[in-house]
Amino acid sequence: MGVIYIVSVEKGTGKTALCAALAQVAHSSGKTVGYLKPHILPGDEAERDAAFMKQFLGGMETADTPQNARGRDVVYVEAMLGETPQDLTSQTTYGAAREMQARVIVVEAWTGKESPYIDVYQGFGDTLAGLVVNKVPKSQFSAAPGKIREQLTGTGIELLGVIPEDRQLLAVTVEELAEKFNGEIINNAEKAGELVENFMVGALVVDSGAAYFSRKARKAAIVRQDRPDMQLAALESPTACLILGGSREKPLYNVLQKAEQRRIPVIVTDTPVRDIAAGIDELLLATRFHQEQKAAGLAELVSKNIQTSVVVQER
């Protein structure tokens, strides 16, 4: 059994996404794959990650102990580090990785700045395979590898690859939007899993908004509940969902009829439009890789941009 530890200091760097992509690469090459996230508690993120990973590869083994993962060619373990090498979380992860004779990949989200956690990563010693930098903006993607390697000079840490930011991979679902803003999907509930890539807030003016909403596709159009003119304008453009803020009342009949005709889900929520707009960034930062529609895209990105031979081979 080969063990690959995927670790990070900060949350939201893309550990689960990377595990899923590497698992898919290994699985497609004929290897049996397992996934382990220690300290799973009912209802926490670890449990949801494990459930997703099991579904993702069609019954792939998930486990809460190393013993339960035995018999697999490759097991991917997802874990956290502390902010210093002496931190109890860091020490626990170091010890577990050594005990399992794992190769370790550390994951960071791109900031453009030198990593403040080099000493934490060096705590793995020879078991550290290298660093993956995720969510690199496309405008900086070509220059990023050289800049990162320069920052890593003399650290003994190898750059395994960089993953570009991808709008579809950052997308959220209609259902996640409804949950975030305590809303209700009042029609076309079967499209709750559709991905939303863009967001547009209805202008607080008298204009119909037709030209405005036509600028972006696969979007959530966020409009006040008392602006049926703007709602209709949004529904005439390529829209993934319509979010009506400020009231849980259903929209006017002609608005709901148009949404039904175009099979566009409508979310109603008491949350004011301004608060919805403010909460979108927070939601995007927290979005997790739990939509299978993203799987193929991420696996392709990983295969193109990471030294997968280093991290999918069993011992």
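The values are calculated or read from the model by the stated rules, or taken from the named source; none is laboratory data. Here the structure is a predicted model, which is why all the values come from computation and not from measurement. Don't worry about glycine lacking a Cβ; one is built from the backbone with ideal geometry, like all the others, and counts go over all protein chains shown. Just the protein is used for accessible areas: all its heavy atoms, side chains included, with ligands, DNA and RNA removed. Shrake-Rupley method; radii C 1.70, N 1.55, O 1.52, S 1.80 Å.
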* Distance in nm between label sites at Asn198 and Arg263, each 7 Å beyond Cα in the beta-carbon direction? -> 2.1
* Roughly how many percent of the accessible protein surface of the stretch 128-253 is carbon and sulfur, given a 1.4 Å probe and a whole-percent answer? -> 50
* Tell me, what ³J(HN,Hα) does each residue in the stretch 149-163 have, in order and in whole Hz, if you take phi through Karplus 6.51 cos²θ - 1.76 cosθ + 1.60 with θ = phi - 60° and put x for Gly and Pro? -> 4, 4, 5, 8, 4, x, 8, x, 9, 8, 7, 7, x, 10, 10
* To do: Just subtract the alpha-carbon distance of Asp229 and Ala277 from 0.36 nm times their residue separation and send over the number in nm, one decimal.
  => 15.3 nm
* Asked: Going down the list Lys15/Lys304; Lys11/Lys135; Lys113/Lys304; Lys15/Lys135; Lys191/Lys258, which pairs span over 20 Å between their C-alpha atoms?
  -> Lys113/Lys304
* Asked: Label Arg98 and Thr127 with points 7 Å out from Cα along Cα→Cβ: what is the distance between them in nm?
  -> 0.8
* In the calculated pair distance distribution of the stretch 169-259, what percentage of Cα-Cα distances lie above 21 Å? -> 23
* Structure fact -> Of the convex hull drawn through the C-alpha atoms of the stretch 72-119, the volume per residue in Å³ is 92
